[in-house]
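The values are calculated or read from the model by the stated rules, or taken from the named source; none is laboratory data. Just so we're clear, the structure is a prediction, and the values are computed from it rather than from any experiment. With ideal geometry, Cβ positions are generated from the backbone for all residues, glycine too; neighbour counts draw on all protein chains shown.
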Amino acid sequence: MNIQRLRLAVQLLSFTVLIYGGLFAIDLGNRLPTFACSYVPDHGGGCFLVGFQHMLSRPLPEFLGEQGIRLLKALGIASLWAIVLNKAWCGWICPFGLLQDLLTKVRVWLSIDMSRFSWMTRHRYKSVKYILLALLILIPLGIGNGLISRDWTAPYCQLCPARPLLPLFQGDTTQFAINFLSIPTMLLTGGAIILVGLMFTTSFVKRRFLCSYCPMLAFLSLFDKIGLFSLKKDGDKCTRCGNCYRACPMEIREIEEEKTLKNLVTQDCILCLRCVEACPENMALEAQFAGFSFLKADAEAFLARQDAVTAGTGTRKGRKKK
Amino acid sequence: MNELPPGQPAPAAPEGDRPLTRKERLIRKVRLHLAMTVREIFEEMEKDPSRPKAMAYFDDIFRKFMHNGEGVIKASDDQKVIGTYCVFVPEEIIYAAGGYPVRLCAGAHDSNEIGEDFLPDVACPMVKSEMGFAAMPILDFYQRCDMVALPASCHWKLKMGEMLEPFDDVHMLDVPRVKESEKARDYWLEEVRRFQRRVEKITGKRIRRRQLRDAIRKIQRAQREVVRFQNLRKTIPAPILGRDALEVLNAYFYDEVEDWTEALRALNEELEERIRTGVHAAPPRAARILLTGSPMVFPNWKVPFIIEDLGGILAADEFCTSQRYLSDMVSVDEGTMGDMLMAIAERYVLPCACPTFSNTIERRDRIARLVDEYRIEGVIYHVLKGCHPFDIEQKVIEQLLQEKGVPMLKIETDYSPEDVEQLRTRIEAFQETLKGRL
């Protein structure tokens with residue numbers, strides 16, 4: 001089974017459902033922990049951060065009443081989603097992630113080498129997503145309590161690169177603009193356009209560049225330990241050949257280095273499972289869902305995949321000889 | 001010093017009245033001795049009636065050592081031959097540039113005599129043997145090398161570069177010792193790129209994406225057969241003797257990779273057939289031995305011969321000349337030039353269990369896995385005199401095996417046949433204790 005092909009298929013399906021679902025009367029609700037932009041007309045499911053930010057923009061005493069219940073309910077639904085599919089939201093569902101993966105395919109097709117951050121740089125910026133997540137809560141609270149101007153309303157939607165980009169797929173260009181209403185809106189919406197530009201340019205250099213800074217990834221990473229998807233590693237079987245690290249779009253070094261830790265869904269993991277596929281040692285890596293193992297590192301599968309990769313387009317030609 | 005053209009038969013009777021010079025006499029003697037050593041090995045092997053028929057292909061390669069090694073390598077006349085040492089030289093690059101790699105690590109006691117002129121007494125017999133072959137025209141393919149790639153792995157290899165300079169065009173590869181660090185990996189990748197440029201210069205062909213991909217593929221296919229072969233060796237009772245397995249993997253040094261793959265495929269098919277029909281090379285109760293430590297290269301096969309003559313079965317080995325050489329594979333991810341080069345660079349260093357690296361984790365884990373997978377009952381730790389890296393690691397491995405409850409015997413020897421009887425006594429006693437455990 002070629003997991004990457006399956007993943008692409010699932011990504012395309014989720015993209016279709018999330019962006020065009022509304023046209024077929026599909027509604028997955030507005031509490032999805034992924035970049036399914038609510039600004040897309042007739043979307044099939046919406047990102048929970050929009051509502052979350054609005055709900056937080058209230059004076060503090062209100063949270064003791066009905067508002068607090070509503071907030072907890074929204075958070076609860078999103079958390080439930082996050083527990084069931086944890087990081088699969090990033091690697092398998094996120095429409096914005098799909099766009100980055102597709103651009104990576106273009107880069108590979110143009111045979112442009114990828115590059116990686118130095119380990120130090122990578123390490124240094126790991127906390128950025130958590131800072132962004134904290135601000136995601138603090139700024140709306142500030143707005144609700146009169147500390148911050150209303151122009152900062154739903155700052156993450158204004159700043160999010162998915163907002164200008166995803167409505168384009170329904171022919172809606174209105175979001176692809178800078179809002180000159182005030183300085184904060186200008187900064188935020190201008191920032192979004194810059195992020196879109198960054199996404200396009202960095203995709204020709206790195207893989208999933210923006211994901212490492214995504215506050216949604218930070219939110220989902222809170223459920224790494226209890227999420228139903230897990231990535232197991234048997235350190236005794238590992239030869240530390242580094243194949244998994246090289247295959248990892250998120251540049252997670254633990255996957256290669258770790259010899260004792262059992263669950264390898266680390267904070268940046270997006271569960272793309274490329275590491276499991278790149279692993280040549282039987283059973284060294286294993287992906288599980290709710291304790292049920294559905295993908296294991298396997299020498300034969302590794303070889304078959306290598307056969308396909310090195311054969312370029314003519315996969316069948318290589319197999320015929322055998 | 002290379003006044004004799006390569007590949008010329010041993011100097012015959014002196015022309016006219018001219019007596020042979022000391023050097024000519026030496027060359028003649030070494031060639032004769034080597035031929036005798038090889039003949040003895042094959043006479044011994046022929047006594048075994050149950051050898052797989054597909055072994056004949058590999059025998060042919062080694063039999064050519066009796067005739068100055070002519071025809072051992074299959075490089076065409078216009079093809080550049082690049083000699084390699086150790087397990088760190090990326091052969092994919094050589095094949096991609098249209099060159100022909102041949103691994104020069106040597107196991108002949110007979111050429112030690114020449115090597116001793118260059119090296120101190122305590123040097124390991126492997127470098128002495130290699131120096132001997134490099135310095136004098138004994139084996140044809142040592143003289144045919146247009147370039148020799150030498151990784152600075154152990155101290156002997158590090159200093160051998162300079163000694164080889166009068167005889168070969170030497171390219172040193174600096175293998176990082178502490179491979180965990182990021183800079184070490186970057187540095188090694190740069191070393192591989194430097195090697196690539198050098199090889200391109202020698203062969204005059206630029207390596208493009210396609211050639212590199214094809215070369216990777218060729219070697220992966222060979223390794224795929226190795227995986228199959230090794231899996232067959234896990235069968236009890238063993239379908240093939242360990243010494244034959246050593247020979248098969250050793251032949252990869254010299255043979256053209258695709259031919260070798262085909263020959264191994266034929267052997268694998270025969271072994272599968274044998275397993276089906278219940279033909280085996282050793283009795284089911286034969287003690288399953290793992291050999292590890294300093295490498296063993298043809299014709300230094302005295303230890304495997306002793307083990308199997310005494311009724312044991314060499315079930316697996318952990319030598320850089322066989323199992324370790326071919327088990328780790330290049331993993332192409334994106335298939336861009338940079339990705340492939342990085343994959344090649346990492347394959348040769350990161351999973352490598354050579355004791356010249358700073359830690360023993362890789363080797364310990366590898367041995368533990370081999371012991372489990374091949375159901376090993378006893379381990380023989382082979383140290384060549386003067387091979388410090390393996391000698392140093394012996395304690396750690398002994399401790400590991402103690403924890404696993406697998407007995408270990410350490411033997412320290414060299415290439416000379418003098419200690420065969422003594423080794424036989426010790427190995428026999430060791431295998432007796434293994435029988436007692438059953």
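Summed over segment B:321-332, residues that are surrounded by fewer than 22 Cβ atoms within 10 Å (Cβ to Cβ) and farther than 28 Å from residue B:285 by Cα total 2.
Results for (1) under 11 Å from residue B:289 (Cα atoms); (2) among the small types (Gly, Ala, Ser), shown as yes or no for each residue.
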| site | (1), (2) |
| --- | --- |
| B:368 | no, yes |
| B:372 | no, no |
| B:375 | yes, no |
| B:382 | no, no |
| B:392 | no, no |
| B:400 | no, no |
| B:414 | no, no |
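Yes/no matrix, rows are residues, columns are (1) buried (at least 24 other Cβ atoms within 10 Å of the Cβ); (2) away from chain A (no Cβ under 11 Å):
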{"residue": "B:340", "(1), (2)": "yes, no"}
{"residue": "B:359", "(1), (2)": "no, no"}
{"residue": "B:363", "(1), (2)": "no, no"}
{"residue": "B:367", "(1), (2)": "yes, yes"}
{"residue": "B:385", "(1), (2)": "no, yes"}
{"residue": "B:388", "(1), (2)": "no, yes"}
{"residue": "B:395", "(1), (2)": "no, yes"}
{"residue": "B:411", "(1), (2)": "no, yes"}
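For segment A:209-232, indicate whether the set of residues that are small (Gly, Ala, Ser), assigned to a loop (DSSP other than H, G, I, E, B) and either within 14 Å of chain B (Cβ to nearest Cβ) or surrounded by 20 or more Cβ atoms within 10 Å (Cβ to Cβ) (or both) is non-empty. Working first, answer last.
Taking segment A:209-232 and keeping what is small (Gly, Ala, Ser), we get A:212, A:218, A:221, A:227, A:230.
Keeping just the survivors that are assigned to a loop (DSSP other than H, G, I, E, B) gives A:227.
Now restrict to residues that are either within 14 Å of chain B (Cβ to nearest Cβ) or surrounded by 20 or more Cβ atoms within 10 Å (Cβ to Cβ) (or both): A:227.
Yes, there is a match, as at least one residue in segment A:209-232 is small (Gly, Ala, Ser), assigned to a loop (DSSP other than H, G, I, E, B) and either within 14 Å of chain B (Cβ to nearest Cβ) or surrounded by 20 or more Cβ atoms within 10 Å (Cβ to Cβ) (or both).
The residue that is nearest to residue B:401 (Cα to Cα), among those in segment B:348-370 that are among the charged types (D, E, K, R) and touching a residue at least 24 places away in the same chain (Cβ under 8 Å), is B:364.
Please go through segment B:43-75 and pick out each residue that is part of a loop (DSSP other than H, G, I, E, B), out of contact with any strand residue (DSSP E or B) (no Cβ under 6 Å at 6 or more places or on another chain) and not acidic (Asp, Glu).
Quick first cut of segment B:43-75, residues part of a loop (DSSP other than H, G, I, E, B) only: B:47-54, B:68-75.
Those still in the list that are out of contact with any strand residue (DSSP E or B) (no Cβ under 6 Å at 6 or more places or on another chain) too: B:47-54, B:68-72, B:74.
Correct list: B:47, B:49, B:50, B:51, B:52, B:53, B:54, B:68, B:69, B:71, B:72, B:74.
Would you mind stating whether residue A:105 is at pLDDT 90 or above, farther than 25 Å from residue A:220 by Cα and assigned by TED's automatic domain parsing to the domain that holds residue A:67?
Yes; evaluated as a whole, the condition is true for this residue.
Would you point out the residue of segment A:14-37, among those that are closer than 20 Å to residue A:216 by Cβ and without any contact (Cβ under 8 Å) to a residue 24 or more places away in the chain, that is surrounded by the fewest Cβ atoms within 10 Å (Cβ to Cβ)? Break it down into steps so the answer makes sense when it comes.
Step one: list which residues in segment A:14-37 are closer than 20 Å to residue A:216 by Cβ, which gives A:14-15, A:17-19, A:21, A:28-37.
Add one more test, that the residue is without any contact (Cβ under 8 Å) to a residue 24 or more places away in the chain, and what stays is A:28, A:30.
On the way: A:28: 16, A:30: 19.
Only one residue fits best here, namely A:28.
Screening segment A:186-205 for residues that are surrounded by fewer than 14 Cβ atoms within 10 Å (Cβ to Cβ) and free of Cβ contacts under 8 Å to residues at least 24 places away in the same chain and picking the one that is farthest from residue A:37 (Cα to Cα) gives A:201. When you look at residue A:265, is it at negative phi and within 13 Å of chain B (Cβ to nearest Cβ), yes or no? Judged against the criteria, residue A:265 is not a match.
Scanning segment B:173-184 for residues that are surrounded by fewer than 19 Cβ atoms within 10 Å (Cβ to Cβ) and either out of contact with any Pro (no Cβ under 9 Å at 6 or more places or on another chain) or under 20 Å from residue A:253 (Cβ atoms) (or both) turns up B:176, B:177, B:178, B:180, B:181, B:182, B:183, B:184.
Residue A:38 meets the conditions (1) in a helix (DSSP H, G or I); (2) under 18 Å from the mean Cα position of the chain (by Cα); (3) not β-branched (Val, Ile, Thr) in every case but one. The failed one is (1).
Assess whether residue A:265 counts as being touching a strand residue (DSSP E or B) at 6+ places or on another chain (Cβ under 6 Å) and assigned to a helix (DSSP H, G or I). Please lay out each step first, then the result.
Values: touching a strand residue (DSSP E or B) at 6+ places or on another chain (Cβ under 6 Å): yes; assigned to a helix (DSSP H, G or I): no.
Considered against the rule, which asks whether it is touching a strand residue (DSSP E or B) at 6+ places or on another chain (Cβ under 6 Å) and assigned to a helix (DSSP H, G or I), residue A:265 comes out as no.
Here A:116, A:124, A:107 are screened, and the one residue that is in a helix (DSSP H, G or I) and within 12 Å of chain B (Cβ to nearest Cβ) is A:107.
Per the conditions (1) within 14 Å of chain A (Cβ to nearest Cβ); (2) surrounded by fewer than 21 Cβ atoms within 10 Å (Cβ to Cβ), the sole criterion not satisfied by residue B:426 is (1). Tell me which residues, restricted to segment B:194-217, are in a helix (DSSP H, G or I), surrounded by fewer than 19 Cβ atoms within 10 Å (Cβ to Cβ) and within 14 Å of another protein chain (Cβ to nearest Cβ). Scanning segment B:194-217 gives B:209, B:210, B:211, B:214. Summed over segment B:64-102, the residues that are charged (D, E, K, R) and in contact with a Ser or Thr (Cβ under 8 Å, 6 or more places away or on another chain) give a count of 2.
Any chance you could count how many residues in segment A:127-169 are over 19 Å from the mean Cα position of the chain (by Cα), of a type in the set (S, T, N, Q) and in a helix (DSSP H, G or I)? So the answer is 0. Every listed requirement among (1) within 24 Å of residue A:208 (Cβ to Cβ); (2) free of Cβ contacts under 8 Å to residues at least 12 places away in the same chain is met by residue A:66 save one, (1).
Listed by first and then second residue, the pairs linking a residue in segment B:107-124 that is farther than 10 Å from residue B:414 by Cα to a residue that is surrounded by fewer than 21 Cβ atoms within 10 Å (Cβ to Cβ) and among the small types (Gly, Ala, Ser), with Cβ atoms under 6 Å apart and 6 or more places separating them unless they lie on different chains, form an empty list.
Take the conditions under 30 Å from residue A:115 (Cβ atoms), more than 8 Å from every other protein chain (Cβ to nearest Cβ) and not aromatic (Phe, Trp, Tyr) and apply them to residue B:352. Does it pass?
On the way: under 30 Å from residue A:115 (Cβ atoms): yes; more than 8 Å from every other protein chain (Cβ to nearest Cβ): yes; not aromatic (Phe, Trp, Tyr): yes.
Yes.
Screening residue B:191 against (1) more than 14 Å from chain A (Cβ to nearest Cβ); (2) out of contact with any strand residue (DSSP E or B) (no Cβ under 7 Å at 6 or more places or on another chain); (3) not in a loop (DSSP other than H, G, I, E, B) leaves a single unmet condition, (2).
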